[in-house]
Amino acid sequence: MDVRHFRDRRRKEEDDDIVKGKLPADFASEGNIAVSHDEALALLSVRKQAVTQIGAPEIQLDREVVGKCVEYLNTFKTADIFSSYHKRGEIKNQYDHMNLTDFEISQLLNLRPKNIDEARVLITSFERFESAYDLDELAAILDIVLRPSAA
């Protein structure tokens, strides 16, 4: 087997993994963070406010890009930042044994699937949950995700 064939096969396996929702092993180690839309909106808003209030010339923001990002995030906003933060923490604390990645939790908070079947279709890495116990745990996690925010 030549090197080119091995490299092509490896690339195809990686592409297949990505299609299935499985991120590369180095995704988290390269400084990538997974946040929900609500968390991203809060981070952008704080950054935008800091630039406006402080008037720090060393902090450059492309106002058009930031504006479009904020508009997009507002369109798909599901809750407030505190609700997303607390739901993320609750899922991580109570369901640590499910080995959900930060990316999967963010996808749950963003997509808000209504049931297990929808969650498994939208987040293909959830296909790994097959036992009745795992599916019950996933249903409990969805209950947290879909719970209305405290007003």
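In whole Hz, with x marking every Gly and Pro, tabulate ³J(HN,Hα) for the range 35-46 from phi via Karplus 6.51 cos²θ - 1.76 cosθ + 1.60, θ = phi - 60°. Those phi angles translate into 10, 6, 4, 5, 5, 5, 4, 5, 4, 5, 5, 5 Hz. Highest mean first, the peptides 115-127, 131-143 sorted by other C-beta atoms within 10 Å per residue fall in the order 115-127, 131-143. Among the trypsin sites (Lys or Arg not before Pro) within the range 70-114, those in coil by DSSP and having at most 11 neighbouring Cβ atoms inside 10 Å are Lys114. Pairs exceeding a 24 Å alpha-carbon distance, out of Lys87/Lys114; Lys48/Lys77; Lys12/Lys77: Lys12/Lys77. Per-residue Cβ neighbour counts within 10 Å put Val70, Val35 in the sequence Val70, Val35, beginning with the fewest.
Computed from the coordinates by the stated procedures, all read-outs in this text should not be read as laboratory data. What you are looking at is a predicted structure, and each value in this text was computed from that prediction instead of being measured. Cβ atoms come from the backbone with ideal geometry, glycine included; neighbour counts cover every protein chain shown.
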